[in-house]
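Take a look at the structure below.
The values are calculated or read from the model by the stated rules, or taken from the named source; none is laboratory data. The model shown is predicted, which means the values in this text are computed figures rather than measured ones. Note: ideal-geometry Cβ built from the backbone for every residue, glycine included; neighbour counts use all protein chains shown. Areas reflect the complete protein model, heavy atoms only, side chains present, ligands, DNA and RNA absent. Shrake-Rupley method; radii C 1.70, N 1.55, O 1.52, S 1.80 Å.
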Amino acid sequence: MSGNGTTAGDDPLQTAVWRLRSRACWADAAALLPPDTPATALQRAVLLVERCLYTERGWPEAEDALRQAEALAHSDEERGAAACERGQLAYAATLHGVRDRADEARAALGRAAALIPPGGAGRALLDFRRGLLAENLTRSPQAARAAYRRAHAGAAAGADALLLSSTWRHLAGLALRDGELTEARHGFAESLRIREELGYLVGTAPALVSLADTEDEPEASRLREEARRLFRLLGGVPTWLSRHLLPPAAGAATA
């Protein structure tokens, strides 16, 4: 779940891929990319793994794309990035109760850490995903916070706005659990602002729900209603958001 969105310097293909991705059309976005180079094979895998996290479906297609990316990877950077996606797919399957692949997720992210040096491309995303495992599978908020902070610093240094929106969001979620309402509200607001600026529609509804959890009425209801509108617009994606919207949300969203 990384990327900067579109800028004036983006090529038309990447602009089209981003627009489809941000509107929950991951398969259509992946279909635009030729699967015969390490970079495009990895990007296809990224898209299809993200679809699994948001829709709880498409697992075989993601596995196929990931295997192809792994087969084409030759450099340490490419192998590390593919291992990071392998860990994310295993994490998503475990999180959604498809199959317990927690050990696979940890092993894959461990391989990625051995291949991607500190400060290297992809390290911030790796740190973020290790935080997800610590928070949601290991139930270790302290380890999660440390990983998210490393990812946050790396995303800021690398100008990775989409990843920065996720680190803001998850750090804010931990702050909310600790009763730090002001800190949580600020983090959720920053996450929402970035996602709106990027036009990342599929991630905007969860950000709205999280911010609503820190607001008083009538602002909380207004934010949740806007989230419901986007949720319906995107055909019920992210799937796991439904339980936070119907009935009205009672806690931070998942991804």
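Suppose we keep only residues that are of a type in the set (Ser, Thr, Tyr) and in a helix (DSSP H, G or I) within the range 159-207. Which one would you say is surrounded by the fewest Cβ atoms within 10 Å (Cβ to Cβ)?
Filtering the range 159-207 for residues that are of a type in the set (Ser, Thr, Tyr) and in a helix (DSSP H, G or I), the one surrounded by the fewest Cβ atoms within 10 Å (Cβ to Cβ) comes out as 182.
Output yes when any residue across the range 5-24 is at pLDDT 95 or above and not in a helix (DSSP H, G or I), and no when none is.
Yes, the conditions are met somewhere in the range 5-24.
Looking at (1) more than 23 Å from residue 35 (Cβ to Cβ); (2) part of a helix (DSSP H, G or I), find the lone condition where residue 70 falls short.
Among (1) more than 23 Å from residue 35 (Cβ to Cβ); (2) part of a helix (DSSP H, G or I), the lone unmet condition for residue 70 is (1).
Yes/no per residue for (1) free of Cβ contacts under 8 Å to residues at least 60 places away in the same chain; (2) β-branched (Val, Ile, Thr); (3) farther than 24 Å from residue 240 by Cβ; (4) not in a helix (DSSP H, G or I):
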residue: 28; (1), (2), (3), (4): yes, no, no, no
residue: 34; (1), (2), (3), (4): yes, no, yes, yes
residue: 40; (1), (2), (3), (4): yes, yes, yes, no
residue: 44; (1), (2), (3), (4): yes, no, no, no
residue: 48; (1), (2), (3), (4): yes, no, no, no
residue: 53; (1), (2), (3), (4): no, no, no, no
residue: 65; (1), (2), (3), (4): yes, no, no, no
residue: 82; (1), (2), (3), (4): yes, no, yes, no
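Quick one: which of 114, 92, 124, 108 is of a type in the set (Gly, Ala, Ser), surrounded by 19 or more Cβ atoms within 10 Å (Cβ to Cβ), more than 14 Å from the chain's Cα centre (by Cα) and outside any loop (DSSP other than H, G, I, E, B)?
Answer to the selection: 108.
Among the residues of the range 218-255, which ones are on the phi < 0 side of the Ramachandran plot, part of a loop (DSSP other than H, G, I, E, B) and modelled with pLDDT under 95?
246, 247, 248, 249, 250, 252, 253, 254, 255
Go through the residues of the range 231-242 one by one and say whether even a single one is over 19 Å from residue 96 (Cβ atoms) and open to solvent by less than 50 Å² (accessible area, probe 1.4 Å).
No, there is no match, as no residue in the range 231-242 is over 19 Å from residue 96 (Cβ atoms) and open to solvent by less than 50 Å² (accessible area, probe 1.4 Å).
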